[in-house]
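All remarks here apply to the structure that follows.
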Amino acid sequence: MSIAIVGAGAIGGQLGVKLALAGEKVTFIARGANLEAIRSGGMRLIDEDGTTHHARDVRATQSMAEAGVHDIVLLTVKAHQVGPIAEDLRHMIGPDTVVVTLQNGIPWWYFAGGHGGAHAGTHIESADPGGLIARNLDPAQVIGSVVYPAAILTEPGVVQVVEGQRYGLGELDGSKSARVLDLAERFTRAGFKAPVFDDIRAEIWLKLWGNLSFNPISALTHATLVDICQFPDTRALARSMMEEAETIAGKLGIGFRVGIDRRIAGAEKVGAHKTSMLQDVENGRAIELEALVGSVIELGRLTDTPTPHIDTVYALMRLLARSLESVNGRLAIQAA
């Protein structure tokens with residue numbers, strides 16, 4: 001089976017290395033120093049227990065046209081990076097290609113693919129500005145995924161796993177199709193846990209519960225997950241943001257299989273981990289704000305749900321992002 005990994009960062013690297021070592025034909029779509037490192041020496045993965053995996057027999061290219069059509073395309077770039085590459089993605093997608101979306105936040109396809117109710121077919125501008133993704137990707141070819149691992153690209157061609165080996169999968173219509181079961185089997189053979197859910201949107205909300213709160217709070221305070229959870233004021237703020245999101249999700253027919261306290265405890269257990277948004281602030285990268293926070297506010301407006309705590313954190317984070325972007329800057333706390 002030919003598998004393209006679009007985005008050879010932390011998550012793409014983890015998936016690509018293990019799938020390649022399990023016998024899949026893997027092509028990384030990468031660029032810059034990362035592309036050169038993979039071309040010259042393959043991709044290395046350091047697992048939680050320190051075990052190093054080295055996938056040497058992989059292909060790497062910057063050109064999706066050169067990569068050509070694949071059986072499976074794993075989209076591992078961040079949510080705000082999908083739109084700009086959506087048209088190029090069509091070079092890798094044939095009539096039977098399965099496209100797996102592995103972005104955090106509310107996905108562009110949320111109200112497509114069998115989601116009923118009053119909002120069926122509604123476009124979410126925060127998730128897909130200008131409708132670029134929807135015009136180029138067919139939801140019928142999409143399998144949704146929830147990314148649970150935390151990992152870091154420590155240097156070009158090298159990924160360090162902080163925690164986790166689990167990727168939730170699900171068809172948009174909730175069916176247990178042959179293709180989603182086959183994908184889950186391939187992930188399992190590669191060493192991952194790959195449960196197939198009959199309501200992938202509920203799992204997305206469960207992950208988003210943490211992303212919409214912990215990510216911007218960490219980016220604003222430069223605190224790790226355990227620090228946010230153990231500091232009473234930020235723990236309370238995260239809880240208030242989660243409560244607002246829970247109300248929105250409930251109006252969209254989503255129930256949470258765990259409570260807020262358990263979700264916060266899970267984040268605390270991860271420990272001194274810097275969220276991806278904090279890492280982006282420290283490294284001067286574009287911030288994944290709209291899919292994680294802006295989209296929830298948009299859904300709040302759609303469902304007539306007030307979101308005062310989320311609105312406040314979003315406003316602060318937008319200003320920080322604009323300030324950093326205006327000077328092409330980065331921001332990190334350093335010892336005096």
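The values are calculated or read from the model by the stated rules, or taken from the named source; none is laboratory data. Predicted model, so just to flag it, every value in this text is computed and none were measured. Cβ coordinates were reconstructed from backbone atoms using ideal geometry, including for glycine residues, and neighbour counts include every protein chain displayed.
A few points about this structure:
- Any hit, the stretch 283-306, residues being closer than 30 Å to Thr154 by Cβ, of a type in the set (Asp, Glu) and under 19 Å from the mean Cα position of the chain (by Cα): yes
- Residue count for the stretch 3-36, restricted to those that are in contact with a strand residue (DSSP E or B) (Cβ under 8 Å, 6 or more places away or on another chain) and over 11 Å from Arg59 (Cα atoms): 16
- Residues that are more than 15 Å from Val99 (Cα to Cα) and either buried (at least 20 other Cβ atoms within 10 Å of the Cβ) or at pLDDT below 95 (or both), drawn from the stretch 175-195: Ala190, Phe192, Ala194
- Hey, Val281 assigned by TED's automatic domain parsing to the domain that holds Leu299, over 30 Å from Asp198 (Cα atoms), aliphatic (A, V, I, L, M) and touching a residue at least 60 places away in the same chain (Cβ under 8 Å) or not: yes
- Residue in the stretch 282-291 that is of a type in the set (Lys, Arg), over 16 Å from Ala315 (Cα atoms) and either part of a helix (DSSP H, G or I) or touching a Leu at 6+ places or on another chain (Cβ under 7 Å) (or both) present: no
- Residue within the stretch 254-272 that is among the aliphatic types (A, V, I, L, M), modelled with pLDDT under 95, in the same structural domain as Asn211 (by TED's automatic domain parsing) and crowded, with 20+ Cβ neighbours inside 10 Å present: yes
- Of the strands (runs of 3 or more DSSP E) entirely within the stretch 74-174, those holding at least 1 residues that are within 16 Å of Ile5 (Cα to Cα), modelled with pLDDT under 95 and not β-branched (Val, Ile, Thr) occupy 150-155.
- Within the stretch 292-307, residues that are farther than 11 Å from Glu244 by Cα and modelled with pLDDT of 95 or more sit with their Cβ atoms under 6 Å from residues that are in a helix (DSSP H, G or I) and basic (Lys, Arg), at 6+ positions apart or across chains, in these pairs: Thr303/Lys251.
- Taken over the stretch 164-174, the criterion of being under 29 Å from Leu45 (Cβ atoms) and either without any contact (Cβ under 8 Å) to a residue 24 or more places away in the chain or surrounded by 15 or more Cβ atoms within 10 Å (Cβ to Cβ) (or both) is satisfied by Gly164, Gln165, Tyr167, Gly168, Leu169, Gly170, Glu171.
- Where a residue in the stretch 80-99 is on the phi > 0 side of the Ramachandran plot and its partner, wherever it lies, is crowded, with 16+ Cβ neighbours inside 10 Å and not aromatic (Phe, Trp, Tyr), with Cβ under 8 Å and at least six apart: none
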